[in-house]
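> What follows is a single structure, and I will ask about it in a moment.
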């Protein structure tokens, strides 16, 4: 007899699937040419070095090949992608000055409400440009700088940007890093001075409204010695019948004994190719914590990486991936141990259903200099039906004897034994199933601020039906 | 066989690729191999019921066919290029067969003794017909400082309810290039047990492709390795679950010392339709010198929900607690490392029941440790 299965609903995207006309926006032509790159550079008021950087990145892009591993991205045609869409507004520090349809968008996404209740600062990007940026007075008085990348690049922080921009993720890293270097626009710049602890999080929210467009925002965060910051990134888009592309870049510099927590709830629409690159470097005693929820996109390549350069530096990656119908999400993390006594921990969960493909991919590299380092990897995958797929591909490259590396992975469905165990202790069957599935996602949701944990729980609407298979 | 040279091969490819910077998607053999066919082989014991060679058994139309199953369709774990190499290098295969219903507990033992500059490739076919059982123990050895090439390809067919126990002991010299290419297919309720001791050789490439085709077929693999001085060992295991309720359990244990380099790829592929299948793999690596390099990639591919797959890996040095315990009992750090290395390797060696083989392993290890 065919066993019944726990039914888990797809991520409810209705709150994200609304759109406005982009007729008033300024767009460059589709495709990727030197002229387009120069036009973007002019539109962005780039200094000369940045214009040259873009052109060199374009050269690198044209030389590099597409990856020969990972999900199929043959449906992505750069000739169809508009790399720069500027909404018909300027950036504002007041919601009142933001055009109505854009304001409505962020209102429906709950961004202003979140700012009032639980954030120290907010940046809101609409297509290729920031339309709103604000930071609370008491935070800016601490010397914290939170601004859009264009203002940082063309203002008093130009040298700081020049010293750090795409130094962690060079354009030669891979084809889409080179693409980003050529056409990037938007994004946030954060600088936290030495010793400053930002008590409540900053958030950037990225919304891609235009069909067939790419979003290439650059996030550059510098957390100085002894400082502390929690940064939250959210992203969404309405669904179109044409491919959209997200090839953002996040570079995080964590100073000596500093701590940075970087949380992401990614809920791009299912026509999105999410080819994002995120990388952090930690100095002595520095700590980076990645919290990552991947729910959207048609195809994702997403592997936040941590370079543990300093002695006693530490990295943690906690992630959940939910691959539903039509989705191929290839996610994971990379850890590179360079400093002595550096430590890392990867803990991931993935759920596949309705034909979705979820791949956990990781690498832990321990260099000869990383004496007395430790790394631990734990990944678990839940298969919710027999038309979906889940793979794990974790690599460990260890080049010293003075290291301790542990790894464990499990793939399967909800265990009959676990249901039986809970039922034998008086818990009704449906409750038992709900407990197990929500418990599976718990390591991620408990790491998020309350408002975002609620959002994540909304994203994974778990509806239990029938018996467990 | 003479003069069939080779300059470059891609072997031990992963069934699914990952980042190229890790350099683990495959291995490249760049040494030139000029075969001269020199190798001394000795079959110590042919138990009653075991047939050797193309003896015209009933239902056999040559060594490529077993009751309608084409042995040539079995792929080795080292991959297509290695398969082509063996096909070109060897015209014949040594065929070992247990006929239907014949169960032999006594092991068939084969020794391959090589000398310096010997360069040989051989192919073997081992067949256990329905409800039969056989055990084959083979070792390859040479003088410690000898060099040359020794390649062996073993294709196995395990019929319904049959069992093959395969033991391979590699004790070649430190300048030998070694290929060990295994391919197996298990029919309903068939069992394959392998024990592999990868102790010698300069550069060794080991590939196993185990295909659990039949209902409730199963595979248990235990491999131990010791890589010291400049030894390089590259392993690729692939276990494909196609039949319902199939199971596999792969354990790989060993130690790296001096400038040794080791790569391990282990893939459990739970294919669609393999309902009730269970696959697990475990790797334990002891790192004993600062210049060692270890690559580990345990992969699970899962295309079916009613399955269980798991893997674990533990890579590192001797724990401080163990070292302290042993030193408090009068052992030096080096003695403690040797003791723990022996413990890892012997946990696999102890699964071998043939006394002569155990003696050879013991002798090899004592010699290796005496020169550390």
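The values are calculated or read from the model by the stated rules, or taken from the named source; none is laboratory data. Everything numeric in this text was worked out from a predicted model, so none of it was measured. Methodologically, a virtual Cβ is constructed for each residue, glycine included, from the backbone with ideal geometry; neighbour enumeration extends over all protein chains shown.
> Exactly one of these conditions fails for residue B:319: (1) more than 10 Å from chain A (Cβ to nearest Cβ); (2) modelled with pLDDT under 95. Give me its number.
Exception for residue B:319: condition (1).
> Go through (1) more than 7 Å from chain B (Cβ to nearest Cβ); (2) assigned to a strand (DSSP E or B); (3) farther than 30 Å from residue B:259 by Cβ one by one and return the number of the condition residue A:390 breaks.
So residue A:390 meets the others, but not (1).
> Which is under 20 Å from residue B:224 (Cβ atoms) and not in a strand (DSSP E or B), of B:305, B:249, B:258?
B:258
> Kindly indicate which of A:91, A:50 is more than 14 Å from chain B (Cβ to nearest Cβ), at pLDDT 95 or above and closer than 30 Å to residue A:139 by Cβ.
One residue alone meets the criteria, A:50.
> Same structure again: Would you point out the residue of the range A:269-309, among those that are out of contact with any strand residue (DSSP E or B) (no Cβ under 6 Å at 6 or more places or on another chain) and under 20 Å from residue A:168 (Cα atoms), that is surrounded by the fewest Cβ atoms within 10 Å (Cβ to Cβ)?
Across the range A:269-309, the extreme among qualifying residues is A:284.
> Based on what the data block shows, is residue A:35 out of contact with any helix residue (DSSP H, G or I) (no Cβ under 7 Å at 6 or more places or on another chain) and modelled with pLDDT of 80 or more?
Considered against the rule, which asks whether it is out of contact with any helix residue (DSSP H, G or I) (no Cβ under 7 Å at 6 or more places or on another chain) and modelled with pLDDT of 80 or more, residue A:35 comes out as yes.
> Could you list, in sequence order, the residues of the range B:149-162 that are touching a residue at least 40 places away in the same chain (Cβ under 8 Å) and more than 13 Å from the chain's Cα centre (by Cα)?
Within the range B:149-162, B:149, B:150, B:157, B:158, B:159, B:160, B:162 qualify.
> Consider the range B:13-34. How many of its residues are part of a helix (DSSP H, G or I) and more than 7 Å from chain A (Cβ to nearest Cβ)?
Matching residues across the range B:13-34 total 2.
> Can you say whether residue A:354 is farther than 24 Å from residue B:319 by Cβ, assigned to a loop (DSSP other than H, G, I, E, B) and in the same structural domain as residue A:392 (by TED's automatic domain parsing), as far as the supplied structure shows?
Judged against the criteria, residue A:354 is a match.
> A further question follows. Take residue A:190 and decide whether it is under 20 Å from residue A:258 (Cα atoms) and within 19 Å of the chain's Cα centre (by Cα).
Judged against the criteria, residue A:190 is a match.
> Now a separate question. Show the residue pairs meeting these rules: Cβ distance below 6 Å; 6+ apart or different chains; first residue within the range A:268-291 and outside the structural domain of residue A:215 (by TED's automatic domain parsing) and at pLDDT 95 or above; second residue surrounded by fewer than 23 Cβ atoms within 10 Å (Cβ to Cβ) and part of a loop (DSSP other than H, G, I, E, B).
Once the first residue is outside the structural domain of residue A:215 (by TED's automatic domain parsing) and at pLDDT 95 or above and sits in the range A:268-291, no partner that is surrounded by fewer than 23 Cβ atoms within 10 Å (Cβ to Cβ) and part of a loop (DSSP other than H, G, I, E, B) comes close enough.
> Name the residue, out of B:275, B:213, that is within 13 Å of chain A (Cβ to nearest Cβ) and farther than 19 Å from residue A:407 by Cα.
B:275
> Has the range B:54-77 got at least one residue that is at positive phi, part of a loop (DSSP other than H, G, I, E, B), in contact with a strand residue (DSSP E or B) (Cβ under 8 Å, 6 or more places away or on another chain) and at pLDDT 85 or above?
Checked the range B:54-77: no residue is at positive phi, part of a loop (DSSP other than H, G, I, E, B), in contact with a strand residue (DSSP E or B) (Cβ under 8 Å, 6 or more places away or on another chain) and at pLDDT 85 or above.
> Just checking, how many residues over the range A:364-381 are in a strand (DSSP E or B), at the interface with chain B (Cβ under 9 Å from one of its Cβ atoms) and either at pLDDT below 95 or surrounded by fewer than 24 Cβ atoms within 10 Å (Cβ to Cβ) (or both)?
Qualifying residue count, the range A:364-381: 3.
> While we're on this one: For the structure I just gave you, tell me whether residue A:427 is away from every other protein chain (no Cβ under 14 Å), modelled with pLDDT of 75 or more, surrounded by 18 or more Cβ atoms within 10 Å (Cβ to Cβ) and not in a strand (DSSP E or B).
So residue A:427 fails the test.
> Being in a loop (DSSP other than H, G, I, E, B) and facing another protein chain (nearest Cβ under 7 Å) is the filter here; which residues of the range A:393-417 pass it?
Selection gives A:399, A:400, A:401, A:402, A:413.
> Also, quick follow-up: Given B:332, B:357, B:347, which one is surrounded by 20 or more Cβ atoms within 10 Å (Cβ to Cβ) and more than 14 Å from chain A (Cβ to nearest Cβ)?
Being surrounded by 20 or more Cβ atoms within 10 Å (Cβ to Cβ) and more than 14 Å from chain A (Cβ to nearest Cβ) holds for just one of B:332, B:357, B:347, which is B:357.
> While we're here: Just give me the residues in the range B:284-294 being assigned to a strand (DSSP E or B), within 7 Å of another protein chain (Cβ to nearest Cβ) and surrounded by fewer than 22 Cβ atoms within 10 Å (Cβ to Cβ), in sequence order.
Hit for the range B:284-294 is B:293, nothing else.
> Give the range A:199-232 a look and list any residue that's without any contact (Cβ under 8 Å) to a residue 60 or more places away in the chain and surrounded by fewer than 22 Cβ atoms within 10 Å (Cβ to Cβ), or say none.
Of everything in the range A:199-232, those that are without any contact (Cβ under 8 Å) to a residue 60 or more places away in the chain and surrounded by fewer than 22 Cβ atoms within 10 Å (Cβ to Cβ) turn out to be A:224, A:225, A:226, A:228.
> Does residue A:235 count as buried (at least 24 other Cβ atoms within 10 Å of the Cβ) and modelled with pLDDT under 90?
So residue A:235 fits the description; yes.
> Just to be sure before I move on: is residue B:313 more than 9 Å from chain A (Cβ to nearest Cβ) and buried (at least 18 other Cβ atoms within 10 Å of the Cβ) in the structure I sent?
Against the criterion (more than 9 Å from chain A (Cβ to nearest Cβ) and buried (at least 18 other Cβ atoms within 10 Å of the Cβ)), residue B:313 does not qualify.
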